[in-house]
Amino acid sequence: MKIAILPGDGIGPEIVEQAVKVLNALGESFEMETAPVGGAGYEASGHPLPDSTLKLAQDADAILFGSVGDWKYDTLERSLRPEQAILGLRKNLNLFANLRPAILYPELAGASTLKPEVVSGLDILIIRELTGDIYFGQPRGVRICPDGPFKGQREGFDTMRYAEGEIRRIAHVAFQAAQKRDKRLTSVDKANVLETFQFWKDIVTDVHKEYPDVTLDHMYVDNAAMQLVRAPKKFDVLVTGNMFGDILSDAAAMLTGSIGMLPSASLDANNKGLYEPSHGSAPDIAGKGIANPLATILSAAMMLRYSLGKAEHADRIETAVKKVLAQGLRTPDIYEAGTIKVGTVEMGAAVVQALV
Ligand code: NAD
């Protein structure tokens, strides 16, 4: 089992180090190799995704990614900015399925902006299609408006599109994920207005025939946004397109109060994946030893479950995380009066200690 370790920038190296400590404590022999990415890749070789880093990622069974980005690179031309590395990896490795669980451990219910009874015990999974939709559709650009009341003026335009095969493959990922959980899938669309999403709905309905054990329902995206803050625990698995998923998964992340707790997986058709925390490189706290490493540690658990076929180790890590929270240990982002404030390294060590 070969794992590419790409720590990246900002707090990336600090939090990935803790996840590697946890992986090393499982008693398995993983082959791990580290490479620079993002700003670190640019510093090392003049490009955010150096060829050697891409090759390592291509050859590995799974990738553990920290985060990329720093304000000091904001003046670079777009193709050289750190964030391009993650887009390059998604594209080159064909990582089309983004899985973002939003779990709120009862111990952290006070961290959410919603009432504890609305969110305590929340456990939902948002699956976002990652390589299609209006973010990648062509043509796009700025042109002279060809008709209508603004004819002759400049207009910006993008193209929303989904091929049947793209919808089918993400639908299969979603139905299979639902089969491993509570067997309920909500497909989120805007079929009342958009042709692309009427088509999406029809194809998801067709794929459903292969998964009779899963209950499928369809919801418009505006209603889904409303339900996510009104009664989020009603959901089990949600599947949606790239743009709606981008927005809904961030809203779901905030239900849990801290972005420092949320892992994510981006998978290809063979379950090879890139695993990373849902947050960014947090340059404001980098190097201070206070970043929460749990999202990255939980991303490593997802990696064991989805790409490395080691669900038993994933369970061990997730149980250990619950245990340290029950012990009252908190990094500053999730700290509340009456709990014990710890730093990044202490939190990592506590998870290792709590592994059984
Ligand atoms: P961010 O997620 O890095 O930080 C937002 C806030 O959350 C900050 O106050 C930060 O301190 C806090 N935070 C984030 N992770 C934390 C953790 N583990 N523990 C404690 N606090 C944490 O978002 P941002 O500030 O908008 O972006 C910073 C940089 O990260 C930018 O360059 C952005 O482009 C990049 N970014 C990268 C990724 C990625 O690598 N996939 C994703 C999002 C943003």
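Each value in this text was obtained by applying a stated rule to the coordinates, not by laboratory testing. Computed from a prediction, not measured in an experiment: that's the story for all the values here. Cβ placement follows ideal geometry from the backbone for every residue including glycine, while neighbour counts extend to all protein chains displayed.
From the phi of every residue in region 316-321, what ³J(HN,Hα) in whole Hz does the Karplus formula 6.51 cos²θ - 1.76 cosθ + 1.60 yield, where θ is phi - 60° and glycine or proline is x?
With coefficients 6.51, -1.76 and 1.60, one gets 4, 5, 5, 5, 5, 5 Hz.
Under 28 Å from the Cα of LYS2, which lysines turn up, not counting those fewer than eight places away in the same chain?
LYS21, LYS55, LYS91, LYS180, LYS272, LYS310, LYS322
Would you please put 271-281, 93-103 in order of how densely packed they are, using the mean number of other Cβ atoms within 10 angstrom per residue and starting with the highest?
Result, highest mean first: 271-281, 93-103.
Please give the contour-minus-distance gain from SER29 to LYS183: 0.36 nm per residue of separation, less the Cα-Cα distance, rounded to one decimal in nm.
52.0 nm
Please work out whether region 258-356 counts as rounded, prolate or oblate from its C-alpha gyration tensor, where a ≥ b ≥ c are the square roots of the eigenvalues and a/c under 1.5 means rounded, while otherwise a/b larger than b/c means prolate and anything else oblate? List each step's numbers first, then the result.
Details: a/c = 2.60, a/b = 1.43, b/c = 1.82.
Cα axes put region 258-356 in the oblate bin.
How much of the DSSP bridge set in the chain is antiparallel, in percent, rounded to the nearest 5?
40
List every residue whose amide H lies under 5 Å from the amide H of VAL239, counting only residues 5 or more places away in sequence or on a different chain, with H placed 1.01 Å from N in the peptide plane.
Counting only residues 5 or more places away or on other chains, the set is ILE127, THR186, SER187, VAL188.
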